[in-house]
Amino acid sequence: MGNISEIKERCVGCKSCEQSCPKHCISMVENKEGFWNPVVDEQRCIECKLCLKTCPAKNTTVHRNEPQHVWAWRNQNDTDIMRSASGGAADSAAKAVLQMGGVVYGAAYDDQLVVNHIEVTDDAGRERIQSSKYVQSDPKDSYSKVKQRLAEGKTVLFTGTPCQIAGLYTFLGGDHHNLYTLDLICHGVPSPKFFKKYLEYQNKQSEGQVIYFNFRSKEKRGWGTQYMLKTKTKTRTKTLALDRYGKHFMDGDCYRECCYQCPYANTKRVGDLTVGDFWGIAKSHPEFNSPKGVSSVFINTEKGQKLFEQMQPFAEVVKATLEEGMVKQHNLVRPSERPSVRDSFYAGIDESGFIEGLKVGLQLKSRLKSVLPNKLIQKIKSF
């Protein structure tokens with residue numbers, strides 16, 4: 001067997017193989033859990049092995065670099081930082097590239113709240129890719145579009161999970177001088193089918209169609225892990241750990257199988273920049289902490305340094321150490337652990353009442369935090 005079929009559960013669903021196959025004999029098909037996997041038309045396959053050469057699960061050493069510098073980042077634009085999950089660093093990178101006349105690729109909701117990678121050429125598009133989406137994004141044909149834009153001489157920024165960026169590099173056959181990449185510190189990804197079922201459940205609970213969803217809303221309690229959803233008549237917020245979807249994302253029992261063996265969950269980063277929440281900022285730099293959020297920015301390459309310098313006018317920054325930036329970021333050390341309940345988590349996903357059957361539990365610590373004033377929580381974090 002000389003094709004992508006041999007990757008099996010190591011597949012990350014990046015669709016590099018589908019876009020690179022010269023015979024177009026690979027299709028990405030949703031499995032029973034709702035994740036995309038490649039299916040090969042063996043009769044048309046010529047075993048050129050190009051799909052394997054462009055697979056990030058097969059080629060895990062491409063474009064790997066240790067962080068050279070670490071910064072705490074706080075976007076100066078109030079609107080942009082409030083729309084971002086933490087300090088707005090990824091958004092600032094997108095803004096910088098757009099001002100260069102470039103294009104940006106990132107995860108956005110469509111009209112049905114399905115998460116796809118889109119091409120962004122203006123501020124309206126940039127707003128769509130702000131904040132985190134805790135579900136696997138469909139890359140669609142973004143790699144092919146990036147290749148086309150690079151050939152046109154455009155400056156390109158691609159943002160995504162490390163495996164998606166690795167898939168881009170393998171698809172392109174290496175780096176390009178006009179390509180910048182930004183990887184996000186990733187815990188793992190639930191399936192789009194799980195999120196779809198969850199939204200259907202929320203439609204029933206809200207007695208109306210959910211038209212807006214933000215996993216990391218700051219409107220009620222500032223920087224943290226609260227979601228906000230809206231229908232035409234209602235707005236609802238809740239702590240993720242107390243939610244049927246959010247709790248299982250936080251517990252890590254619903255991730256794609258490859259996430260538990262992720263070769264990118266360490267400090268040898270694949271992006272020019274790495275961005276995440278600076279969860280330890282209240283202790284390491286209390287004067288820089290903010291309820292609006294603080295990002296950690298890891299500069300991994302010379303190109304990352306160049307992009308950082310283009311972004312810097314948009315923010316306030318403080319120099320930090322690698323150890324400070326890694327606080328509560330265990331996915332910079334190792335992959336998420338696979339809970340035993342993962343074996344059966346998706347077993348009933350096609351049955352009615354699947355979401356209703358998911359347990360949240362007492363979660364006393366999370367419930368207490370959800371009622372304490374946010375200023376008090378910030379003080380406790382600084383001790």
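Assuming charge only on the beta carbon of Lys and Arg (+1) and of Asp and Glu (-1), the dipole of segment 78-193 about its Cα centre is about 240 debye to the nearest 20. Across segment 146-158, rounded Karplus estimates of 3J(HN,Hα) from the backbone phi angles (6.51 cos²θ - 1.76 cosθ + 1.60, θ = phi - 60°) give 4, 4, 5, 5, 5, 5, 6, x, 6, 7, 10, 10, 10 Hz, Gly and Pro being marked x. Relative contact order of segment 153-262, taken over Cα pairs closer than 8 Å and 6 or more residues apart, is 21 percent. Give a quick list of trypsin sites (Lys or Arg not before Pro) in segment 1-53 that DSSP marks as loop, anything other than H, G, I, E or B, with at most 16 other Cβ atoms within 10 Å. Filter output for segment 1-53: LYS23, LYS32, ARG44, LYS49. Close amide-amide hydrogen proximity is noted between VAL189 and ARG256, each under 5 Å apart and 5 or more residues distant or on a separate chain (H modeled in the peptide plane; Pro and chain starts excluded).
Sorted largest first by accessible area at a 1.4 angstrom probe radius, with every protein chain in place, the residues GLU351, GLU324, GLU66, GLU302 fall in the order GLU302, GLU351, GLU66, GLU324.
Averaging 1/r across all pairs of distinct Cα atoms in the chain and inverting the result yields a Kirkwood radius of 21.4 Å. Rounded to the nearest 20, the size of the Cβ-charge dipole of segment 117-269 about its Cα centre is 580 debye, with Lys and Arg at +1 and Asp and Glu at -1. Of the residues ARG64, ARG236, ARG83, which exhibits the maximal mean-square fluctuation in a Gaussian network model of the chain defined by a 10 Å Cα contact cut-off? Comparing ARG64, ARG236, ARG83 in the GNM, the peak value goes to ARG236. P(r) tail, segment 49-130: Cα-Cα pairs separated by more than 22 Å, 45% of all pairs.
Each label point was placed 7 Å from the Cα along the Cα-to-Cβ direction; for ASN77 and LYS49 their separation is 4.7 nm. Consider a paramagnetic label point 7 Å from the Cα of THR233 along Cα→Cβ; state which residues of segment 167-206 have an amide N under 12 Å from it. So the set is 206. The lysine pair tally for segment 271-362, using Cα distances under 22 Å and a gap of 8 or more places or different chains, is 8. Applying both filters, DSSP loop and at most 13 other Cβ atoms within 10 Å, to the GluC sites (Glu not before Pro) of segment 27-129 gives GLU42, GLU47. Rolling a 1.4 angstrom probe over the chain with all protein chains present gives an accessible area of which 50% lies on carbon and sulfur atoms. At a probe radius of 1.4 angstrom, the accessible area of the chain per residue rounds to 45 square angstrom. Taking loop as defined by DSSP and a crowding limit of 16 other beta carbons within 10 Å, which GluC sites (Glu not before Pro) in segment 191-270 fit? Of the GluC sites (Glu not before Pro), the ones in loops of segment 191-270 whose Cβ has at most 16 other Cβ atoms within 10 Å are GLU207, GLU219. Remark: segment 305-310, residue by residue, has Karplus-estimated 3J(HN,Hα) of 5, 5, 5, 4, 5, 6 Hz, where x stands for each Gly or Pro and the curve is 6.51 cos²θ - 1.76 cosθ + 1.60 at θ = phi - 60°.
For the pair ALA151 and ASP350, the difference between a 0.36 nm per residue extended length and the Cα-Cα distance amounts to 67.3 nm. Working from Cα pairs under 8 Å separated by at least six residues, relative contact order for segment 1-159 is 19 percent.
3J(HN,Hα) along segment 169-185: 4, 5, 4, 6, x, x, 7, 10, 4, 9, 10, 10, 10, 9, 9, 9, 5 Hz, from the Karplus curve 6.51 cos²θ - 1.76 cosθ + 1.60 with θ = phi - 60°, whole Hz, x for Gly and Pro. Applying a threshold of 21 Å to the alpha-carbon distances of LYS95/LYS133; LYS133/LYS218; LYS197/LYS238; LYS15/LYS197 flags LYS15/LYS197 as lying beyond it. Net length available on complete extension from VAL341 to ASP141 is 68.6 nm, with 0.36 nm assigned per residue and the Cα-Cα distance removed. The mean sequence separation of alpha-carbon pairs under 8 Å and at least six residues apart, normalised by the residue count of segment 86-217, gives a relative contact order of 26 percent. When DSSP beta bridges are limited to those with both residues in the chain, what percentage is antiparallel, rounded to the nearest 5? Percentage antiparallel, nearest 5: 75.
Annotation: amide H-H contacts under 5 Å for TYR180 (H modelled 1.01 Å from N, sequence separation of 5 or more, or interchain): VAL156, LEU157, PHE158.
The values are calculated or read from the model by the stated rules, or taken from the named source; none is laboratory data. Keep in mind that this is a model prediction, so the values were computed, not measured. Ideal geometry is used to build each Cβ from the backbone, glycine not excepted, and the neighbour counts take in all protein chains shown. These accessible areas exclude ligands, DNA and RNA; they are computed on the full protein's heavy atoms, side chains included. Shrake-Rupley method; radii C 1.70, N 1.55, O 1.52, S 1.80 Å.
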